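Every read-out reported here was derived from the displayed coordinates using simple, explicitly stated rules and does not represent laboratory data. These figures come from a predicted structure and were not determined experimentally. As a convention, Cβ positions derive from the backbone with ideal geometry for all residues, glycine included, and neighbour counts pool all protein chains shown.
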Amino acid sequence: MNPHGLQHIVIALILGILCYIAARRINIPAILFYLLAGLLAGPAFLGVIDTHELGGGMLTLVEIVVAVILFEGGLSLKSREFRSAPSAIPRMLGLTIPLTAASAACLGHYVLGLHWDISLVFGTLIVVTGPTVIGPLLKSVKFVPKVEILLMWESTWGDVLGVLLSALALEFILLAEGSPIGAMGLQMLYVTTAGLFVGGLGGFLLGRYILPWVSTLGEQGLPGIVAFASALGLFYGANLLAPSSGPLAAAVAGFTLAWFRGKELLHIRHFKDQISIILISTMFVLLSAHVDPFRFGDKLWAMLVVALALGAVARPVAVWLSLLWSELNLRERLYVGLIGPRGIVALATASYALLMVPSREEQLALMLNTVFLIILLSGAFATLAGKPLASRLKLTIPPNKSGLLIVGANPFSMELVRFAKRYVQVAFLDTSRESCQLVAEEGHVPKCPNVLDNEVYENAKEEGYDRLLALTHDNVLNQLICEKAVLHLGQGNVYMAQGDTGEGLVIETISEYKVAFSSRFYIAQALRAMNSGSAHLEVLQPDRIGENTFPLLHVDRDNGLDIVRKGIPLKGPSLCIRYARE
């Protein structure tokens, strides 16, 4: 690496983080910001980033990023999600990917003029949809479960298959012409077996022995550091055993580790989130700067035709054929077919191919530029149209219609639930068996696990419960529960009513959650008033809410249910608690 190479990495890092912050500010995927920032900073425009200064270091950075992305992707998948779409997921991976790859290879050969071996690499690497784009989309839009799960599974395992197949195709470019088909098949079997073995064994050892022991050392961030180092080690080790098996090993290791569901997983995921943002934002900018958009001006129309044909025809048709007679309905199949953004793994693999085979530089550079254009257009469509298209096709669950978990069984919360369950699914979360029995006798849904267990909230999210409202009269317990819930449900979905007057917030917390109802409302005070008959709950229109009345739950025009807090306008009926005038 050139001594000045570090400055290019630092500039890419700063630009990448600024792009991520801007994207989070307006709540959209950051891919467009990364691509444009890289182009502007690259040699084609400002020239402040020159990836040629990195030399062989560019290859190393690409491999590190691919390993982390695929390990994190495997870690985020859960085998029990398969029940939501048991036939759609294997069809997407087994039929959509090869159909799309074949279409892309033909487009590359007949439209771009790529040789068949380069077209094969292009077809296999462009099938990947990429968790780096799908992940932020899933965070900004609450999809119906089948669509959300299918998009996530395809983006992770599609990446693995795309990298694996394109790496194999690249290997055969380097081999002498005339290699027998049987040898190619044996190589594929060898690479797949090595990846599965190394990844499965590594994930098992991590989950069963290494991480539980590391946790006993008392360093909260250590499991994430060990997992990160292990992902790179498994990636490298698998590649030593069988070249190109590293991506599969990384994904399988993450997926295997997720089976153990240990307490270490929460720390690992938190650490991975931070590392992934740094690596992905930096590498997206670097890889975008690596592209020369003016080099193939005479081929621009051909590249546009390939990009549009792939996104508007080839993928939708492949998805349509693959998902016929599956669990997905017409609207869901249409959405999955149209939303197929390519991500950093496709761009990294194309750059890797260009760096590895300099003798085919002209054709591989044309492939890289086409991949970049496809990522730009598909990412722009997913970013700008993903949310409105999902709403138009009625594939989203509005936040005010998502399920509500109530913590704390008492007369006040019971009345609240009687009203809330008319509009959304509601369940009580309580550790007391007596409280759960009382809840069940009242006809409500009880959940009686350890409320501080991570798996409780993951299971609840899968069942459609995305919001939590803590209503015990103990502020410490409310805070502890909210602190745990925020990590899984998100800061905007966790609410806490204050326990008792004068008690205040008595522990220091690192997460933010919303104060429910009013800063002047206290659960203990409401319970005492209700028991003495000096307060009662009733449904009121906004113009009837007086001075001694606190709105609690608000019904909007679409029959969704909002938890009232300061600043929310009330335009429909609300459940309120009314105190008698003193």
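Overview of values
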item: Spread of Cα-to-Cα distances over 20 Å intervals beginning at zero, given as percent, for the range 5-392; result: 29, 62, 9, 0
item: Highest to lowest packing among 333-344, 352-363, 528-539, 394-405, scored as the average C-beta count within 10 Å; result: 333-344, 394-405, 352-363, 528-539
item: Residues Lys571 and Ser532, FRET efficiency given R0 of 25 Å [Cβ-Cβ distance, rounded to 0.05]; result: 0.15
item: In Hz, Karplus ³J(HN,Hα) per residue of the range 97-110 (6.51, -1.76, 1.60; θ = phi - 60°; x = Gly, Pro); result: 5, x, 5, 5, 4, 5, 4, 5, 5, 5, 4, x, 6, 7
item: Dipole-positive endmost among Leu186, Leu366, Ser322 within the range 5-392 (Cβ charges, Cα centre); result: Ser322
item: Asp543-Leu95 pseudo-label distance in nm [points 7 Å out on the Cα-to-Cβ vector]; result: 5.8
item: FRET efficiency estimate (nearest 0.05) - Cβ-Cβ, Val317 to Phe45, R0 35 angstrom; result: 0.40
item: Unit charges at the beta carbon, dipole of the range 5-392: most positive-side option, Trp301, Ile339, Leu125; result: Ile339
item: Dipole of the range 204-314, positive direction: furthest Cα of Ala238, Ala312, Gly254, with charges on the beta-carbon; result: Gly254
item: Ordering of 58-69, 540-551 by packing [mean C-beta count within 10 Å, highest first]; result: 58-69, 540-551
item: About the Cα centre, charge dipole magnitude for the range 521-582 (Lys/Arg +1, Asp/Glu -1 at Cβ), debye; result: 120
item: Percent RCO, i.e. relative contact order, over the range 5-392, from Cα pairs under 8 Å lying at least 6 residues apart; result: 30
item: Check: the range 227-365 dipole with +1 on Lys, Arg Cβ and -1 on Asp, Glu Cβ, in debye; result: 300
item: Rel. contact order, % - alpha carbon contacts under 8 angstrom, at least six apart, the range 246-386; result: 27
item: For the range 376-387, 3J(HN,Hα) per residue [Karplus equation, 6.51 cos²θ - 1.76 cosθ + 1.60, θ = phi - 60°, Hz, x = Gly/Pro]; result: 4, 6, 5, x, 5, 5, 5, 5, 8, 10, x, 6
